[in-house]
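S.K.: What follows is a single structure, and I will ask about it in a moment.
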């Protein structure tokens with residue numbers, strides 16, 4: 001299964017959700033790969049820690065090879081590194097993605113990621129793709145490469161207004177490039193159940209028939225500690241409320 005976590009708005013938890021769901025799957029024995037397409041590299045740092053400073057080969061190197069004709073192109077696996085966690089591998093990001101963007105777009109390399117990930121179908125049970133906060137070449141590549149899409153949502157009016165545009169973008173990719181792409185659901189993040197506005201906003205989405213995932217993910221300072229230590233929640237504190245919500249969300253997506 002290839003899943004993309006997608007939202008054009010920054011700060012909604014794409015990297016946190018991607019990394020934690022992938023870590024849970026790996027913890028449960030699934031051979032799991034995270035592809036980090038965001039030049040900021042938050043998923044890469046979260047899952048690899050200080051190792052990201054060592055100049056690891058990754059997704060920028062992969063895309064760079066697509067710009068060069070060669071009779072013996074490197075294998076996609078050459079751009080993947082092992083994380084400290086069993087069964088969990090990463091194709092790390094790099095700031096070099098910014099420099100490559102225009103060249104890749106102008107030479108229409110939009111299907112290269114799909115082809116590469118299809119080559120890995122026998123190597124991984126699950127592939128998670130983290131995306132930048134923009135509908136750019138990398139995000140479109142991810143939506144074309146994926147079989148399903150998760151949309152993080154942070155319970156404010158701006159996010160709700162943007163949500164309809166996101167769903168339209170997914171429909172456009174479905175129509176033009178990837179008819180098999182589906183929306184697995186909207187992941188409610190940083191939810192505060194005692195506040196009236198988040199409850200009302202989420203209920204309105206449900207009333208409109210949108211696919212809102214259960215359970216909602218609680219707001220918690222523990223996640224900041226998880227980021228700082230580069231330890232996904234399942235490894236930092238398996239009994240924490242947020243960890244249990246993430247596990248339940250993972251299970252709901254895989255039943």
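Just so you know, all these numbers are worked out from the coordinates, no wet-lab data involved. All of these numbers come straight from a predicted model, not from anything done at the bench. We place every Cβ from the backbone using ideal geometry, glycine too, and count neighbours over all the protein chains shown.
S.K.: Go ahead and set up a Gaussian network model of the chain, Cα springs under 10 Å, then flag whichever of 16, 139, 76 fluctuates most.
M.R.: 76
S.K.: Pull out the extension gain between residue 70 and residue 115, defined as 0.36 nm times the separation in residues minus the alpha carbon to alpha carbon distance; nm, one decimal.
M.R.: On the way: separation 45, 0.36 × 45 = 16.20 nm, distance 1.66 nm.
Taking residue 70 through residue 115 to full extension adds about 14.5 nm, to one decimal.
S.K.: Along Cα→Cβ, 7 Å out, is where each label goes; now give me the distance between the ones at residue 214 and residue 241 in nm to one decimal.
M.R.: Using points 7 Å along Cα→Cβ, the separation is 1.9 nm.
S.K.: If one takes the longest principal axis of the Cα atoms in the chain, at what angle in degrees, from 0 to 90 and to the nearest 10, does the Cα axis of helix 241-253 lie?
M.R.: That works out to roughly 70 degrees.
S.K.: With contacts defined as alpha carbon pairs under 8 Å and 6 or more residues apart, what's the relative contact order of the stretch 2-253 in percent?
M.R.: 26
S.K.: Also, quick follow-up: Can you tell me the orientation of helix 14-27 relative to the chain, as the angle in degrees between its alpha-carbon axis and the longest Cα principal axis, to the nearest 10?
M.R.: Once rounded, the angle reads 80 degrees.
S.K.: Sort the following peptides by mean Cβ neighbour count (other Cβ atoms within 10 Å, averaged over residues), highest first: 221-234, 146-159. Mind dumping the intermediate values first?
M.R.: Working: 221-234: 17.4, 146-159: 20.6.
Descending packing order for the listed peptides: 146-159, 221-234.
S.K.: What is the angle, in °, between the Cα long axis of helix 96-106 and the longest principal axis of the Cα atoms in the chain? Nearest 10 is fine, range 0 to 90.
M.R.: The two axes meet at around 70 degrees.
S.K.: Please give the FRET efficiency for residue 123 paired with residue 254, using the beta carbon to beta carbon distance and R0 = 25 Å, rounded to the nearest 0.05.
M.R.: That gives a FRET efficiency of 0.85.
S.K.: Counting each DSSP H run of 4 or more residues in the chain as -39500 (n - 2.57), what helix-only mean residue ellipticity at 222 nm follows after dividing by all residues, to the nearest 500 deg cm²/dmol?
M.R.: -13500 deg cm²/dmol
S.K.: Does the stretch 52-194 come out rounded, prolate or oblate by the C-alpha gyration tensor, with a ≥ b ≥ c the root eigenvalues, rounded set by a/c under 1.5 and, if not, prolate when a/b is larger than b/c and oblate if not? Before the final figure, lay out the partial values.
M.R.: Details: a/c = 1.80, a/b = 1.45, b/c = 1.23.
Taking the square roots of the gyration eigenvalues as a ≥ b ≥ c, the stretch 52-194 is prolate.
S.K.: Another question, then. According to the square roots a ≥ b ≥ c of the eigenvalues of the Cα gyration tensor, what is the shape class of the stretch 121-235, taking rounded for a/c under 1.5, prolate for a/b larger than b/c otherwise, and oblate for the remainder?
M.R.: Here the stretch 121-235 falls in the oblate category.
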